[in-house]
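Take a look at the structure set out below.
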Amino acid sequence: MTLKKTGIIICTIAFLTGFANAQNLTGFWKGSLSMQGCFLQNNIELQIHHTGEIINGDSYHYQDIYNYVKKKITGDYDPATKQVSVRETIVTTYHIPERCEICIKKFDLHYSKNGNIETLSGVWTGNVLNSANACSGGTIVLTRVAESAFREIPEIKVDTGTIRLDFYDNGVVDGDSITILVNKRMVATHQLLSTKPVTMYVKIDPDNTLQEVEMKAENLGSIPPNTALLIITAGNKRYRLYLTSTDTKNAMIRFVYDPDAAVQN
């Protein structure tokens, strides 16, 4: 009887140890590609959601937060071998020069950890979007990072054709004045922020899926910096964002049309 109980205890400990060592890859992973293309620097950020052996999420191939291609990713993870396979699929948004070609990539990686540093290393291959032409391919190392490079620019998915934006002064009304741009085109200027909203509308549709809204400070008011409360109404959804703009940096929001946004949000 004692031996049987001991065996049960040993099996239980082995099971719990294996469970504790199961690695979850959910998070942000950053690296760079050695390739020729339209970007001077080819950065990669994988935003991974990991459940069981299934991986999905988004990838950013970018030079900086203003020049990028964003794609959906899917894949799988083998906990026994720590092998990771990730494939880019649908292109969701992009900001690139017209001369550039988009590369759809596949990553075959291995997970490892050395102290507090976690890496996904291996090889990548790819093809030009809608073409059999291969991208250069090569080796790659991705390191887990605490925050996304794109954290400063909120990206909101919407499934409606018209978005209402209401800008208010945030806190004390101190004479903040703003210019509003949509896709780099000025749509309003010399707008004084107060307790009454500065209201504008943005159109979005399947043929124009990305709308980029910027708030540019015309002054810093009597209490710098220039801050605003933005209330976003998209269909039956409302969002509150707090924006800060200075004389050297604009506040920015990106709206992306996604027919499944009602389910995802």
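The values are calculated or read from the model by the stated rules, or taken from the named source; none is laboratory data. As the structure is a computational prediction, the values presented were derived from the model and not from experiment. Heads up, the Cβs are rebuilt from the backbone with ideal geometry, glycines too, and the neighbour counts pull from every protein chain shown.
Could you pull out the residue among R240, R164 that is in contact with a strand residue (DSSP E or B) (Cβ under 9 Å, 6 or more places away or on another chain), of a type in the set (K, R) and free of Cβ contacts under 8 Å to residues at least 12 places away in the same chain?
Details: R164 fails: free of Cβ contacts under 8 Å to residues at least 12 places away in the same chain.
Only one candidate passes the filter, namely R240.
Output the residue which, of all residues in the range 198-221 that are surrounded by fewer than 16 Cβ atoms within 10 Å (Cβ to Cβ) and modelled with pLDDT of 90 or more, is farthest from Y94 (Cα to Cα).
T199
Is it true that some residue in the range 167-181 is in contact with a Pro (Cβ under 8 Å, 6 or more places away or on another chain), within 30 Å of N208 (Cβ to Cβ) and touching a residue at least 60 places away in the same chain (Cβ under 8 Å)?
Yes, because at least one residue in the range 167-181 is in contact with a Pro (Cβ under 8 Å, 6 or more places away or on another chain), within 30 Å of N208 (Cβ to Cβ) and touching a residue at least 60 places away in the same chain (Cβ under 8 Å).
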